[in-house]
Amino acid sequence: AAVTCWFVSRHPGALEWARQQGLGGLRQVPHLDPARLAPGDVVLGTLPLQLAAAVCARGCRYLALVVDLPAEARGRELSAAELDAYGARLEAFVVRRASRAAWPASLP
């Protein structure tokens, strides 16, 4: 089966940034349903930890879109050029849900 490369973002600037990096053939979705993933698929974007863990648990690879944003740049739409200026890059992560035993003893 063919590997699908998912790009999870609702931000036009992020999708344009990805295209400028030469990432073609991306299946862009504003939100990801892990049930749609097949083992071996690649997921790019910025996901909450529980969703990133679900991606990894399905045998997929997760590459986070990492951006070093100053406080004044947060909370607004950024262009591809701004993302580039703030050092946007993809970094691979493996995320898994830890058992309750991994929690600090001081937590309820």
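The values are calculated or read from the model by the stated rules, or taken from the named source; none is laboratory data. Quick caveat: nothing in here was measured; it's all calculated off a predicted structure. When we count neighbours, we look across all protein chains shown, and the Cβ atoms used for this are built from the backbone with ideal geometry, even at glycine. Side chains included, ligands, DNA and RNA excluded: accessible areas come from the protein's heavy atoms. Shrake-Rupley method; radii C 1.70, N 1.55, O 1.52, S 1.80 Å.
Taken one residue at a time, the phi angles of the range 20-35 give Karplus couplings (6.51, -1.76, 1.60, θ = phi - 60°) of 5, 7, x, 8, x, x, 7, 8, 7, 9, x, 9, 9, 9, x, 5 Hz. Gly and Pro are set to x. Each stretch of four or more DSSP H residues adds -39500 (n - 2.57); spread over every residue of the chain, this sum gives -6000 deg cm²/dmol at 222 nm.
Other residues within the sphere of radius under 15 Å centred on the Cβ of residue 57, judged by their own Cβ, net out at +3 (K and R +1, D and E -1).
Per residue, what accessible area does the chain have, given a 1.4 Å probe and all protein chains present, in Å²?
Values: 6860 Å² over 108 residues.
It amounts to 63 Å² per residue over the chain.
Couplings 3J(HN,Hα) of the range 67-72, computed from phi: 9, 8, 8, x, 3, 6 Hz, in residue order, whole Hz [Karplus 6.51 cos²θ - 1.76 cosθ + 1.60, θ = phi - 60°; x for Gly and Pro]. Residue ranges 32-40, 52-60 sort as 52-60, 32-40 when ordered by packing (mean number of other C-beta atoms within 10 Å per residue, highest first).
Mean separation of Cα pairs under 8 Å and 6 or more residues apart, divided by the residue count, gives the chain a relative contact order of 28 percent.
Given their separation in residues at 0.36 nm each and the Cα-Cα distance between them, residue 1 and residue 38 gain 12.4 nm when the chain is fully extended. Once the mean of 1/r is taken over each pair of separate Cα atoms and inverted, the chain shows a Kirkwood hydrodynamic radius of 15.1 Å. Summarising the strand pairing of the range 1-93, around 30 percent of its internal DSSP beta bridges are antiparallel. With the charge dipole of the chain set up from +1 on Lys and Arg Cβ and -1 on Asp and Glu Cβ about the Cα centre, the Cα lying farthest toward the positive end among the listed residues 30, 53, 43 is that of 53.
Of the GluC sites (Glu not before Pro) in the range 68-108, the ones in a loop by DSSP (not H, G, I, E or B) with at most 13 other beta carbons within 10 Å are 77.
Of the chymotrypsin sites (Phe, Trp or Tyr not before Pro) found in the range 14-108, those that fall in a DSSP loop while having at most 16 other beta-carbon atoms within 10 Å are 86.
Split the accessible area of the chain by element, probe 1.4 Å, and carbon with sulfur accounts for 56%. Dipole size of the chain about its Cα centre, with +1 on Lys/Arg Cβ and -1 on Asp/Glu Cβ: approximately 520 debye, rounded to the nearest 20.
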